[in-house]
Every structure is written in C-alpha cells, then in structure tokens.
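What follows is a short report on a single structure.
We did not get these values from a lab; they are worked out from the coordinates using the rules stated. Quick caveat, the model's predicted, so the values are computed rather than measured. Glycine also receives a Cβ, built like all others from the backbone with ideal geometry; neighbour counts cover every protein chain displayed.
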Amino acid sequence: MAANLRSVLLLALAASGCVGSLVEPPGGDNGNNGANAGGNGGNSGGSSGSGGGAGSNPTDPRLEARVWRLTPTQYNGEVQRMFPGAPSVSLPPGGSEYGLSNIASSARIDSGNATQYSEAARTIGSWVTTQGAAAARCTTFGTSECVDTLLGWFPEAAYRRPPTPQEKAELRAVYDDLVPQYGAPWAFTAVVRTVLSSPEFLYRSEVGPSGTGVVQIDDYEIASLLSFSLTDTGPDSSLLADAKAAKLRDPATREQHVRRLMDRTTGIWQRFFWEWLKMSTLESQGNETGLDPTLVASLQDEYHAFVDNIVVKNRGTLTELLTSTTTWGTSDVATYYGVSHPGGGVAPIQLDSSERGGLLTLGAWLVSHGKKGRDNVVRRGMGVYRDAMCQNIKPLNIDLEAAVRELVGADATIKQIADARGADKVCGACHATSDPVGLAFESFGGDGRFQTTYPDGKPVEAKVVWNGTSYDNPAQISAALAKDERFEQCMVQRFGHFVLGADFGAPVTVRASGAAYKAFKDSGGSLEELLVAIVRDPAFIERRK
C-alpha cells in the first residue's frame, strides 16, 4: 500500500485517474483480502450466499475479513481530531440493513463517489495550508523542517497506527518532488491531500495476518474497531498504547476500555434506538399531523436527552428505558405532555404514570409512527412486531379495505376491527400479536398527544389482552414488552448488527449472539453489560479468510 501513496495524490492533483487509488482498500498485500472483504460483505451481513454469514452456522459466528469506509460523521470527526476548526465536508452515506446505518458491506468508495472524496481532501488540504504552522504543529511554516514535523505525527494519527518507514519516505517524496516546481505551500497541501486520499485513512481494516482460515485481527485493527463502534471516533492514546503493547486480544483489557469509554457512547445509543425503532420519520410525520416544527425539534432533543440519561448517565436497563416516567425536556415538551416543568431549559419532567412510561410513549416514537386519520393500530403495532421483534414479514397482496369489510361491518369500532383481524386464521398470524400492542397505543393520537376519544367523538378502547394478560394502558404494555423474549432477543441481535456493521445472528441460533443475550439477561437487562459481552467475545476480533 505504501508504494501507492505518491501516485494517489499526483493523479488526484492532475484531476484525473484518482479513482483507482481511492477505491483500493488496505490489506492488498494479502492477496485478494481487500476484494474478498468487499465482494462478500453481504454474506458477512447474514445473507444466505455461499460465503456464509454470521447466522449461517451456529458453531462459527465469525465475520469474514473485511474493510469498511469511514462514515461521513467519522471522516469529519477524524479531521477535527487532527485539525481542530477544519471545515466540515459533505460525503455520501453508505447503505443500511433493517434501518441500521454504517453497514460494512456497503461502505465503499467507487467510481460514483470517488470525486467527492478527492474534493474533500482538496478542501481540507487547502484549509490546513492557510493555517500554516499552527495546523502543522511546527515552528516555521514553509520549511523542510516543518514538513518533517508534520510527518512525525500526521500519518500516524490519520492511519490510526504507526506508519512504516516506506510510507513516511513516500510522503516525504511527494513534497520533495513538487516543491521545486510549485513551491512549498502547494507541496505541503499535496502531502495533506495524499494522506487524506489514502485508503489507510479512508478505510477501517479487519484483515489480520496473511493466510487463510480463522485469524485474529491485529491490535491496531482492534483498537479502531472498538473505538469507532463505541464512540464513532478513532482510537485515543490509551487504546493506541495498548495496541502498541499488543494487549487488545485479551478480553479483560477490551472490557476495561468499554467501561472506560462508556461515558462517550451516548451518540451510538441514540443512533441505535433511533434506527432500530424506525424514528427517522419524526419530522415528516410531525408535519403531516400538524405539529409545530419547533416542538418536533424539541421532541427529538427530548429523545436524545432521555437515552443519554437512562443508558449512559444512569447505566440503565432495557426495562428502565421502556418504563421510566421521568423524561428530560423543555417547557414546550412538558406542555405537550400536560405536565409541569421546573423551568430552566432542558430539565427532568415527571410524566403521568397512568398515561406514559418509557421510550415508546415519548412523542418522538409516537409521532414517527403516527398519521392523520382515525387510528394508528397497524402502523404502531407493526412497528413493534416487525421492527422491534425481528419479524421479517411481507404484506399480503390483497385489497386490505375489502378484506376488513369481509371481517366486520361498516360501523365496526377500531377495537372490533383489530379483534377480527387477530381472530382470522390468515391475518391473525401477525395481527394477533401486533394489533393488541397497536391498540394499546391508541391512547395517543397521530400527533402523540394523549386522547380518550377519536376526532369523530367515538371513545378510544385501549384496554387489551396480549399473550393472555390484560393491560389497562400503554405504559403497562410497554413494561411487558421490556420483558418479552422476542423483543429482548431482537434488540440483542440488532444491536450486535449495529456494533459490528453486519448481521449478528439470532441468539437462538448463533453462539456469540446467544452468549451476549445470556450476559444481558444475567445482568438484569443492563445495556452496558450487553456491550461488554459483545466486545469480550472471541468473535469480536476473529475473522474468516
């Protein structure tokens, strides 16, 4: 890979041909490892192809050797870490699976997006040069000594490992080749652009040593995997020190880092629950249901504060996440809930426990799964059954309105319709589980406000029987979901998928997933212990070639 460094930039500076270098992932010295990691990435994501995914063999949960591109957030975060104040650049996101972003198999640079990365490197390189000695961390900008100072820290910070002597020599040669003709500032920009265009910066690798079979990835690869998975940023000095000392293959050491970094994991928990529970429609549905955009933004901020406080600050459990009657929001959020606010911006708010409790009764989730009209039984019920219980169902190819008319009369209530769907031998296969949940959440209108009657004046009938137990309100059904095995196992499977960027497999079939689920259950549903279990497992650092 070092031999490509100079050509990466020389081609990019000529505004042609840079695609080939930009899209080449690290790990090329091991034969076709880079290509295999990309070509079979879908299999590592759980597909049923011949490569075998995480869930294809219960005795071998390990992912294939792979590389994956930094996300736009990670790219900009790494640039800020190295050059505070640098401009943020716009880059394309990768694909998603089950609503989860940052999937390894789709995180690639190709001929369709390589120009954006080349332009990003140009923008940042030019900015760094205008900052001069401060950005380079040298004394006198424009000198050979300043370039040596830059090369003493920048490649190591960018590659998230010490550069080889050859890599440093190649980078120095970029400057030396260009300075006679173009001058020191332009040549300095070229060095920065070369590093930022390098696959060693743009990609995270999990390739390990040469050879075939099952291998452990190296310590620097572990450091990046652990840090980006937990914090969306590159490894800090403590992780890199343990990588240099070859300590990260020890599960106890990895656990220490998880616990040390837990306070910095807020962003990944917020993003996970947001994506897993399909809440990205909050803004659009808020608009459709007539909520003020300012209130919608406050509901999103409330969600972020809620997850931060429950999961990170209080090291909470899934049950606490789904039952807490304390939330954190501004006065307009308290007014929306019909409760008092202590004043002073974002502050703890006590919800009415007979109406609300937990994340699924927050405005953000309810509005994301709400719409104008009389009811949201199917929308919210399926949001739980399909997404939060990992039920991969396909809609029937039938006229749904006609099917409902056959089940009940034109004057049937919402509850009568739901009960009829659940009792039908075809519809009931799904709706017997989903509709009682959706019906319980009918206590909330499409805009998420509590209601006892529909807009047409008919009463809301939200008392339900689910799995043989009666529930009087949505707070009770939310508490029951927190203890439901399907909900718990789906959360573990999807969180493992989120952390690893590939399908983690179901706990009932895949060993690593099952071990994480057991640790989660044994800890009383601790979300921190779930994360620790995933990172401690051998499958976290082992890859198949």
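In the structure shown, do any of 394/458; 372/394; 278/372; 394/521; 313/372; 425/463 have a Cα-Cα gap over 29 Å, and if so which?
394/458; 394/521; 313/372
Would you mind putting 335-341, 514-520 in packing order, based on average other-beta-carbon counts within 10 Å, highest first?
Final packing ranking: 514-520, 335-341.
Chymotrypsin sites (Phe, Trp or Tyr not before Pro) within segment 253-307: which are DSSP loop residues with at most 12 other Cβ atoms inside 10 Å?
Listed in order of number, the matching sites amount to none.
Which angle from 0 to 90°, rounded to the nearest 10, does the C-alpha axis of helix 414-423 make with the longest principal axis of the chain?
With both axes taken from Cα atoms, the answer is about 80 degrees.
Just to be sure I understand, if you calculate Cα Rg over 2.2 N^0.38 Å for this structure, which of [x] 1.09; [y] 1.25; [z] 2.21 do you get?
Recomputing Cα Rg over 2.2 N^0.38 Å here picks out [x].
Do you know the relative contact order of the chain, to the nearest whole percent, from alpha carbon pairs under 8 angstrom that are 6+ apart?
About 17 percent, as a whole number.
Please state the charge dipole magnitude for segment 275-482, taken about the Cα centre, from unit charges on C-beta atoms (+1 on K and R, -1 on D and E), reported in debye and rounded to the nearest 20.
380
Sort 291-302, 436-447 for me by packing, meaning the mean count of neighbouring Cβ atoms within 10 Å per residue, highest on top.
Values: 291-302: 18.2, 436-447: 25.4.
Listed from highest to lowest mean packing, they are 436-447, 291-302.
Counting alpha carbon pairs within less than 8 Å and at least 6 residues apart, what relative contact order, in whole percent, applies to segment 275-482?
23
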